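One structure is given below, encoded as structure tokens.
Nothing in this text is a laboratory measurement; each read-out follows from the coordinates by a stated rule. None of these values were measured; they are calculated from a predicted model. Note that each Cβ is placed from the backbone with ideal geometry, even for glycine, and that neighbours are counted across all protein chains shown.
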Amino acid sequence: MSDYRIIAPFYDWILYPFMRGIRRDVLEIVQDLKPGRIIDVCCGTGDQLRLLKRNNIEAIGIDLSDAMLKVAGKGKGPVRCLMQDATAMALRDQAFDLAMVSFALHETEWEKALSIFQEIHRILKPSGNLLIVDYALTAATSSAARTAVHVIEYVAGQRHFNNFLRYKRKGGLERLIDPRCFVPVEDRFHGQHSIVVRLLRKRTESQKSEPQRTEDRYDNNAPL
Ligand SMILES: C[S@@+](CC[C@H](N)C(=O)[O-])C[C@H]1O[C@@H](n2cnc3c(N)ncnc32)[C@H](O)[C@@H]1O
């Protein structure tokens with residue numbers, strides 16, 4: 001994945017002012033949950049992992065970008081990250097108590113985002129938790145924030161922008177999350193209601209059935 005080669009060394013510096021509050025919210029939720037094994041799926045530079053580590057919480061990350069992983073492995077607080085594809089993780093079933101995925105779903109092809117959900121469901125223990133951070137543009141989002149999000153995604157490149165537009169058109173997280181697989185626990189909003197930190201719990205009763213793909217659950221041609 002070459003998308004992050006240029007931006008990776010500056011990624012945390014550029015995003016710090018926007019991400020600080022979100023990272024702290026994630027830390028707070030993790031501290032409350034006190035999970036055993038934690039994984040940050042699509043961990044990027046490992047910024048969230050580093051904050052957890054500074055607070056004595058051990059976790060691992062996986063990402064596909066060598067440039068982002070290089071940053072994660074450097075600096076004052078290197079964190080443990082593996083190069084793996086989130087759509088096909090080489091990790092045991094039901095191995096984790098908590099999976100986190102932040103700002104990766106909106107920029108991924110819709111089919112891949114669905115596969116990431118299936119994989120997260122597979123590697124989570126029964127009643128394990130999923131913590132998602134991503135765009136949630138709704139009527140409550142201010143128009144300034146909505147415009148800013150579109151500008152950021154446009155600047156991120158054509159592929160990112162197209163995937164973001166598809167994510168938005170398809171209904172974003174509301175469509176990606178299969179309610180038969182995950183139960184919502186808590187939402188915290190940031191960026192004038194443009195970003196959600198969403199905590200979910202894996203449904204125990206759905207253990208035996210595979211998560212159903214969104215395309216099977218919804219009429220793909222229905223207007224959104
Ligand atoms: C916008 S960055 C977010 C990074 C980090 N989660 C954060 O909050 O700063 C998205 C990350 O998702 C990673 N990614 C996208 N698709 C992936 C996949 N299929 N498997 C693993 N990582 C992936 C990218 O390499 C990138 O590092």
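A few comments on the model shown:
- Debye, to nearest 20: dipole size of the chain, +1 on Lys, Arg Cβ, -1 on Asp, Glu Cβ: 420
- Springs between Cα atoms under 10 Å define the GNM used for the chain, and in it the highest mean-square fluctuation of Ser142, Ser65, Ser127 occurs at Ser142.
- Charge sum, other residues only, whose C-beta stays under 10 Å from Glu58's C-beta, Lys/Arg counted +1 and Asp/Glu -1: +3
- For Phe182, the residues whose amide H sits under 5 Å from its own are Arg203, ignoring neighbours fewer than 5 places away on the same chain, with H placed 1.01 Å from N.
- Cα centroid separation - the range 1-33 against the range 123-186, whole Å: 16
- DSSP-defined antiparallel bridges as percent of all bridges, the range 8-202, nearest 5: 50
- Per-residue Karplus couplings for the range 176-185, computed as 6.51 cos²θ - 1.76 cosθ + 1.60 with θ equal to phi - 60°, are listed in order as 6, 7, 7, x, 7, 10, 9, 9, x, 10 Hz, Gly and Pro entered as x.
- Extent along principal axes [Cα atoms of the chain; Å; largest to smallest]: 49, 40, 30
- Our coupling estimate for the range 13-26, obtained by passing each phi through the Karplus curve with A = 6.51, B = -1.76, C = 1.60 and θ = phi - 60°, is 5, 5, 8, 3, x, 7, 8, 3, x, 5, 4, 5, 4, 4 Hz, Gly and Pro reported as x.
- For Lys76, a cut-off of 16 angstrom between C-alpha atoms picks up these lysines, skipping any fewer than 8 places away in its own chain: Lys53.
- Rounded to whole numbers, the Karplus 3J(HN,Hα) couplings from phi for the range 88-103 are 7, 7, 7, 9, 5, 4, 6, 8, 10, 8, 9, 10, 10, 9, 10, 6 Hz, using 6.51 cos²θ - 1.76 cosθ + 1.60 with θ = phi - 60°, and x at Gly and Pro.
- Given charges at Cβ of Lys, Arg, Asp, Glu: the chain dipole, positive-most of Gly77, His193, Ile6: Gly77
- Protection proxy ranking, peptides 93-101, 132-140, 166-174, average beta carbon neighbours within 10 Å, highest first: 93-101, 132-140, 166-174
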